[in-house]
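J.: This is the structure I have questions about; it appears just below.
The values are calculated or read from the model by the stated rules, or taken from the named source; none is laboratory data. Small disclaimer: the values here were computed from a predicted structure and weren't measured. Here the Cβ positions follow ideal geometry from the backbone for every residue, glycine too, while neighbour counts run over all protein chains shown. Accessible surface is based on the protein model in full, side chains and every heavy atom, while ligands, DNA and RNA are left aside. Shrake-Rupley method; radii C 1.70, N 1.55, O 1.52, S 1.80 Å.
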2 protein chains.
Amino acid sequence: MGEDGTVHAELRRNTPDTSDAGTMNDLLCDMVDELRADPAGAGVAAIGVGAAGIVQWPAGRIRWAPNNEYENWDVRGVLETATGLPTVVDNDGNVAGLAEARLGDTRNDDMVLLTVGTGVGAGIVLGGRIYRGPHGLGAEVGHMNVNPDGPLCGCGNYGCLESVASGTALTRMGRSAAAHDPDGAIAGLARADGGEVTGLHVTTAALAGDATARSLFQRLGRALGIGIAGINAIFEFEVVLIGGGLVDAGELLLEPARRAAREFHYGPPEVRPVPPVLPATYKGDAGKIGAGLLALEET
Amino acid sequence: MGEDGTVHAELRRNTPDTSDAGTMNDLLCDMVDELRADPAGAGVAAIGVGAAGIVQWPAGRIRWAPNNEYENWDVRGVLETATGLPTVVDNDGNVAGLAEARLGDTRNDDMVLLTVGTGVGAGIVLGGRIYRGPHGLGAEVGHMNVNPDGPLCGCGNYGCLESVASGTALTRMGRSAAAHDPDGAIAGLARADGGEVTGLHVTTAALAGDATARSLFQRLGRALGIGIAGINAIFEFEVVLIGGGLVDAGELLLEPARRAAREFHYGPPEVRPVPPVLPATYKGDAGKIGAGLLALEET
């Protein structure tokens, strides 16, 4: 990737079923070798990694990830030794936020990106710098509690923002709706796919106008907006960006989020402005571009 | 006040019933004159003000305060013109946090002070500096939403941390308890005082061992701890301090807060440590000392 965010070469691999550190090391090193063998990947100067989970900064060690087997994995050390290239490793939400802050359509020095996908990731940019906390363990907005009586979250707590405003929440709500209405659109789409309801079925049904699916997005968007109001009480953002897979639903997600962020905003809006809630520019590419940018800025 | 926080001269005035800017200007200027006329107040070099409400930084203008009449009040301009002394004006939570960060028993560069009094104020210190947001409008942790179905808050929203974890919440819960049990200890203490139940009656009853009053502190402390867990997901604090009037209840408040902060903490504690929840050092004096410190540091 170049300084302007242009991607020169790209390679994708799925996470293997066994995601221990040894398997993942081999996979990453093979990918780097393959990219460097490609003429478009020649002259690569540095490696940037954006990884899900709790990543220690600047050590580049993934301490823990709710959905993977590796623990305390020294990604930076492994890649620097294997490739001889300077490497930075950061949380995927952080680097995605950096991409939007530097190169997005609404680039801004004081902003947050919330990535609403399987979970809710976040990248907080304050005064032009990623906010990580002194050891890189902060900015986990998705795990801020928004209702102690809320659903179980993947992290083990109840009522995290992620538990009510993520793709996982959409899947859970979609399954419940399908169980209550087996003849409805959501259940029908899942049946046609020969499997269980996923968030994607809910999105498809909502975009096609199904009232039940739309009401689930109202519910999810409102929960997201309440979370946004919470961080807006603490920070002074100029813009709140929503990325991740669920932003494909567009206004179905953004409109209720915007409304709740305004409803629960602290202080008169003419004194404490309500930042606009907008779709992110890079969607699924933000992590890749931000990791590249971070490598260019920090190595 | 000297650099070590020693208070050389002190003067207290109650907020008048009419708290418009003109009345308050006269009151403040009279207080400064009186202090400067006192031999102990001679040689004063700067003025520091800690004020409730949304204070624009560094302009020193109180934009809005939920419980006062003044609005868009240029406190810094008025005091500098009237006294000829350099003046700083900041939110009372912010300056109290500064006092604890610099001079408290657990002085630390990455910490938060939550002042649990009538409302819930906050002072966030990151890397040794007060976090205010770019224009001083941030750090309003008390107005982070912790339950959208929660009680009405003084700010007009429902379910702010302040609405469930403040003296106002304790008063509300105490009145409800007294209405349900007119022969109970809480109702009895209010009757002996010849008035309505206040948070202080609940505290007195709890300290005397009344089970109902203690259960209200369990409830309030737990709500506070859930809010603490929320900010601990976002920041990496080394210590969380609790100040304000309600900390006089000691472990009745702190123990359930500590327990909930641990229960709702994001990530394994050995990876993301749970910061200790401790009583603040300065209690009611933190605002005064912090405002003085800020004046010494920033003018």
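J.: Quick check on segment A:160-170: of everything there that is open to solvent by less than 30 Å² (accessible area, probe 1.4 Å) and more than 8 Å from chain B (Cβ to nearest Cβ), which residue is farthest from B:A233 (Cα to Cα)?
T.: Among residues in segment A:160-170 that are open to solvent by less than 30 Å² (accessible area, probe 1.4 Å) and more than 8 Å from chain B (Cβ to nearest Cβ), the one farthest from B:A233 (Cα to Cα) is A:L170.
J.: Could you list, ordered by first residue, the pairs with Cβ atoms under 6 Å in which the first is in segment A:170-184 and assigned by TED's automatic domain parsing to the domain that holds A:G244 and within 15 Å of A:L253 (Cα to Cα) and the second is modelled with pLDDT under 95 and open to solvent by less than 30 Å² (accessible area, probe 1.4 Å), at least 6 apart or interchain?
T.: Once the first residue is assigned by TED's automatic domain parsing to the domain that holds A:G244 and within 15 Å of A:L253 (Cα to Cα) and sits in segment A:170-184, no partner that is modelled with pLDDT under 95 and open to solvent by less than 30 Å² (accessible area, probe 1.4 Å) comes close enough.
A quick yes/no check of all residues on (1) of a type in the set (V, I, T); (2) in the same structural domain as B:A52 (by TED's automatic domain parsing); (3) on the phi > 0 side of the Ramachandran plot:
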residue: B:A213; (1), (2), (3): no, no, no
residue: B:A229; (1), (2), (3): no, no, no
residue: B:V239; (1), (2), (3): yes, no, no
residue: B:P256; (1), (2), (3): no, no, no
residue: B:V271; (1), (2), (3): yes, no, no
residue: B:G290; (1), (2), (3): no, yes, no
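J.: Could you run through segment A:143-158 and say how many residues are under 22 Å from A:L253 (Cα atoms) and within 8 Å of chain B (Cβ to nearest Cβ)?
T.: Number of matching residues: 5.
J.: Something else about it: Can you work out which of the residues in segment B:182-200 that are under 25 Å from B:T115 (Cα atoms) and open to solvent by 20 Å² or more (accessible area, probe 1.4 Å) is nearest to the chain's Cα centre (by Cα)?
T.: B:L200
J.: Could you check, for segment A:130-139, whether at least one of its residues is more than 12 Å from chain B (Cβ to nearest Cβ) and either touching a Phe, Trp or Tyr at 6+ places or on another chain (Cβ under 6 Å) or part of a loop (DSSP other than H, G, I, E, B) (or both)? Reasoning before the result, please.
T.: Step one: filter segment A:130-139 for residues more than 12 Å from chain B (Cβ to nearest Cβ), giving A:130.
Narrowing the set further to residues that are either touching a Phe, Trp or Tyr at 6+ places or on another chain (Cβ under 6 Å) or part of a loop (DSSP other than H, G, I, E, B) (or both) leaves none.
Taking every residue of segment A:130-139 in turn, none turns out to be more than 12 Å from chain B (Cβ to nearest Cβ) and either touching a Phe, Trp or Tyr at 6+ places or on another chain (Cβ under 6 Å) or part of a loop (DSSP other than H, G, I, E, B) (or both).
J.: Say whether the condition of being assigned to a strand (DSSP E or B) and aromatic (F, W, Y) is met by at least one residue in segment A:156-171.
T.: yes
J.: What number of residues in segment A:272-282 are crowded, with 16+ Cβ neighbours inside 10 Å and not in a strand (DSSP E or B)?
T.: 7
Condition check ((1) crowded, with 21+ Cβ neighbours inside 10 Å; (2) at pLDDT below 95; (3) assigned by TED's automatic domain parsing to the domain that holds B:G292) across all residues:
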site: B:R12; (1), (2), (3): no, yes, no
site: B:M31; (1), (2), (3): no, yes, yes
site: B:W64; (1), (2), (3): no, yes, yes
site: B:V88; (1), (2), (3): yes, no, yes
site: B:D92; (1), (2), (3): yes, yes, yes
site: B:L113; (1), (2), (3): yes, no, no
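J.: Considering only segment B:115-128, state which residues are within 11 Å of another protein chain (Cβ to nearest Cβ) and surrounded by fewer than 23 Cβ atoms within 10 Å (Cβ to Cβ).
T.: Within segment B:115-128, B:L126, B:G127, B:G128 meet the criteria.
J.: Hey, another quick one. Scan A:A261, A:A179, A:A229, A:A206 and give me the residue that is part of a helix (DSSP H, G or I), more than 30 Å from A:L126 (Cα to Cα) and open to solvent by less than 10 Å² (accessible area, probe 1.4 Å).
T.: Sole residue among the options that is part of a helix (DSSP H, G or I), more than 30 Å from A:L126 (Cα to Cα) and open to solvent by less than 10 Å² (accessible area, probe 1.4 Å): A:A206.
J.: Follow-up question, since we're still on this one. Quick one: which residue in A:G121, A:G84 is closer than 17 Å to A:V49 by Cα, out of contact with any strand residue (DSSP E or B) (no Cβ under 9 Å at 6 or more places or on another chain) and not polar (S, T, N, Q)?
T.: Working: A:G121 fails: out of contact with any strand residue (DSSP E or B) (no Cβ under 9 Å at 6 or more places or on another chain).
Step by step, each of A:G121, A:G84 is checked, and only A:G84 is closer than 17 Å to A:V49 by Cα, out of contact with any strand residue (DSSP E or B) (no Cβ under 9 Å at 6 or more places or on another chain) and not polar (S, T, N, Q).
J.: Of A:A46, A:A82, which residue is touching a residue at least 24 places away in the same chain (Cβ under 8 Å) and open to solvent by 50 Å² or more (accessible area, probe 1.4 Å)?
T.: Testing whether each residue is touching a residue at least 24 places away in the same chain (Cβ under 8 Å) and open to solvent by 50 Å² or more (accessible area, probe 1.4 Å) leaves just A:A82.
J.: Look through A:E69, A:E80 and report the one residue that is more than 15 Å from the chain's Cα centre (by Cα) and at pLDDT below 90.
T.: So the residue among A:E69, A:E80 that is more than 15 Å from the chain's Cα centre (by Cα) and at pLDDT below 90 is A:E69.
J.: Being of a type in the set (D, E, K, R) and touching a strand residue (DSSP E or B) at 6+ places or on another chain (Cβ under 9 Å) is the requirement here; does B:R219 meet it?
T.: No.
One line per residue, one yes/no per condition, for (1) of a type outside the set (G, A, S); (2) open to solvent by 10 Å² or more (accessible area, probe 1.4 Å); (3) within 10 Å of chain B (Cβ to nearest Cβ):
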residue: A:S215; (1), (2), (3): no, yes, no
residue: A:Q218; (1), (2), (3): yes, yes, no
residue: A:G221; (1), (2), (3): no, no, no
residue: A:E236; (1), (2), (3): yes, yes, yes
residue: A:V239; (1), (2), (3): yes, no, no
residue: A:V247; (1), (2), (3): yes, no, no
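Let's see how each residue does on (1) open to solvent by less than 10 Å² (accessible area, probe 1.4 Å); (2) in a helix (DSSP H, G or I); (3) under 15 Å from B:A96 (Cβ atoms); (4) not aromatic (F, W, Y):
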site	(1), (2), (3), (4)
B:G267	no, no, no, yes
B:E270	no, no, no, yes
B:A286	yes, yes, yes, yes
B:G290	yes, yes, yes, yes
B:E297	no, yes, yes, yes
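J.: Considering only residues that are within 18 Å of A:P16 (Cα to Cα) and open to solvent by 20 Å² or more (accessible area, probe 1.4 Å), which ones fall in segment A:49-62?
T.: Those that are within 18 Å of A:P16 (Cα to Cα) and open to solvent by 20 Å² or more (accessible area, probe 1.4 Å): A:V49, A:G50, A:A52.
J.: Something else about it: What's the number of the condition B:L98 fails, among (1) open to solvent by 60 Å² or more (accessible area, probe 1.4 Å); (2) assigned to a helix (DSSP H, G or I)?
T.: For B:L98, the failing item is (1).
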